[in-house]
Amino acid sequence: MKLTLKHLRRVGAIAAAAATAGLLLTSGQAPAQQPGKIKIGLMLPYTGTFAALGTSITNAFKLAIAENGGKLGGREIEYFTVDDESDPAKAPDNANKLIKRDQVDVLVGTVHSGVALAMAKLARDNNTLLIIPNAGADEITGPLCAANVFRTSFSNSQMGIAMGKVMAEQTKKTAVTLTWKYAAGDESVGGFKEAFEAGGGKVLKEMSLPFPQVEFQSYLTEIAALKPDVVYVFFAGGGAVKFVKDYAAAGLNKTIPLVGAGFLTDGTLDAQGDAAQGLLTTLHYGDGLNIPKNNAFRAAYTKAYTTAPDVYAVQGYDAAQLLIAGVNAVKGDMSKRAELVKAMEVAKLDSPRGSLALNKGHNPIHDIYLRKVEGKENKVISVAVKNLTDPPRGCKL
Ligand code: BEZ
C-alpha cells in the first residue's frame, strides 16, 4: 500500500486528538535542551519484493510517534526517507545519504539482512544510533553487536528453531528446506535444521535460489520426488505469495505439509487466498492475539491506514516505542547518548506481540507462537517457545 497524504493527515489527526485528550506521554516534561528538530532517517524498501514490508514499518512507526504527540522528548521531528530497494550493493551509498548528507540523529532500517549488515557497519563506524525494525541477521546482535545498534524484530534463526522443535515434537522424521540464498534464509534454515535434528529428525536436502528469484518449478519437482515428511521454507513479501500459490498449484499441499517462518503468510493472505489455508508457521506475532495492546494497536492502525497491520507494522511500531523510551529519558537531549542507550536497554515495551525486552546484544526476548492460517488470519494455536532469547554468540557489550 502506498503512503498517501490522506494517511499522513489521518495520523496527524490522531496526534491532535491525543493532545486534546491530554494523553501525551511527554506531558509534564521539561522543555527540550537542544534546539531544532530530531532528524529520523528511514531507510527501507519501497520498491521490489519487500515494498509492502517497508510501507507497513513506516506507517506503524509514524503511528506510534503520532500517539506520542508527534514529538520525541518534547522536540519536533523531521523525517528523511530513502528507498533501499533491498539491494545490498547500494546500501553503503544509501545509508551515507542519511548519515553524512542529512546528518540524521537516528537511522531506522531495514528489512533485508544483507542491506542491514551494511547499515550496521556504517552505524558502528559513524556512531550513529540505529534501530532495526525487521532484518534478522544473527550477527548484528551477536558478534557484531554494538552499543548504538538495536533491533525490535527478531533474529533469523529464532523462527527456524521454533518450527524445528514443533516438527520434531509432531514426530516428523524427514524434511527438505528451501530458501533464498542469503543471510536471512541461511540462518532461518540453519535454526530449523539444528532444532529438528536435535529432536530426532533428518534434513534430507537443503535447497536455495538467489534472492529475489521466484522460478520455483524445478524445486517443486525435486520435492515431489524426495517425498519428505515436511517442507520448511523461508520466503517473505511478494516471493512468499508466489511460492505458496505455486506449491498449491503443483498439488503438493495435498501430500507434503508445507511449514515456514511466519513471514511466509504474514501480510500476504489476501493475495494467497485458498492456497495458504491451513499452513503452519512460527512467528513472534499472530493477528488475533487477544491482549489489550494488540487490540488497541490493530484498531488504531486500521483506522489510520484502512488496512489491517501485519508483523512488520508491529516491529515498526516497537522501533518507535523503543526510541520514545530512550529520547524521553534524556528529555530530547540526543547528546546524552549513554543515558539514552541505557534507557533503551532496560525498556520493557508494551508490544502488540506481548511483552518485549532486549537481551545483552539488543535483540528481542519474546515468545514465538505456532500459528495456523484460517481464512484471512494467522491464528495463534500455541506458544512454540516461551521467552526465546539468543545465545551471546560472542557479543561483547
Ligand atoms: C531478512 O532479510 O532478514 C528478512 C526479510 C524479510 C522477512 C524476514 C527477514
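The values are calculated or read from the model by the stated rules, or taken from the named source; none is laboratory data. Please read all numbers here as calculations on a predicted model, not as lab measurements. Positions of Cβ are generated from backbone atoms using ideal geometry, with glycine treated the same way; all protein chains shown enter the neighbour counts. For the accessible areas, the whole protein counts, side chains as well, though only heavy atoms, and no ligand, DNA or RNA atoms are used. Shrake-Rupley method; radii C 1.70, N 1.55, O 1.52, S 1.80 Å.
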Inset, instruction - Take every Cα pair under 8 Å in region 233-319 that's 6+ residues apart, average their separations, divide by the length, and report that relative contact order as a whole percent. - result: 27 percent
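Probe of 1.4 angstrom, ligands and nucleic acids ignored: what's the accessible area per residue over region 342-397, in square angstrom?
That works out to 48 Å² for each residue.
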Inset, instruction - Compute the acute angle (0 to 90°) between the alpha-carbon long axis of helix 183-198 and the principal axis of greatest extent of the alpha-carbon atoms of the chain; round to the nearest 10°. - result: 50 degrees
Inset, instruction - May I ask which of 39/348; 62/336; 90/193; 121/372; 342/376; 39/245 have a Cα-Cα span longer than 30 Å here? - result: 90/193; 121/372; 342/376; 39/245
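Give the accessible surface of region 93-230 per residue, rounded to a whole number of Å², with probe radius 1.4 Å and ligands, DNA and RNA excluded.
Working: 4820 Å² over 138 residues.
About 35 Å² of surface per residue is accessible.
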Legend entry - Candidate aspartates and glutamates - alpha carbon under 17 Å from residue 181, same-chain residues fewer than 8 apart omitted: 87, 138, 139, 206, 215
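Hey, what D do you get for region 196-275 in µm²/s if you plug the Kirkwood alpha-carbon radius into Stokes-Einstein at 25 °C and 0.890 mPa s? Write down the numbers at each step before the final one.
Details: Rh = 13.2 Å.
In µm²/s, the coefficient rounds to 186.
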Inset, instruction - Would you please state which residues of region 298-330 a label at residue 277 would reach in this model, taking the label point 7 Å out along Cα→Cβ and a backbone N cut-off of under 13 Å? - result: none
Inset, instruction - On the protein heavy atoms, probe 1.4 angstrom, tell me the percent of accessible surface of region 229-327 carried by carbon and sulfur. - result: 55 percent
Inset, instruction - Could you tell me how many degrees, from 0 to 90 and to the nearest 10, lie between the Cα long axis of helix 311-329 and the main elongation axis, the longest principal axis, of the Cα atoms of the chain? - result: 30 degrees
Inset, instruction - Just need the relative contact order of the chain here, percent rounded to a whole number, with Cα pairs under 8 Å and 6+ apart. - result: 18 percent
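Could you look at region 86-166 and say what percent of its accessible area is carbon and sulfur, using a 1.4 Å probe and all protein chains?
Numbers: 1090 of 2170 Å².
Of the solvent-accessible surface of region 86-166, carbon and sulfur hold 50 percent.
Relative contact order, percent, of region 138-287 when contacts are C-alpha pairs under 8 Å separated by at least 6 residues? Before the final figure, lay out each step's value.
Values: 262 pairs, mean separation 34.5, N = 150.
It comes to 23 percent, rounded to a whole number.
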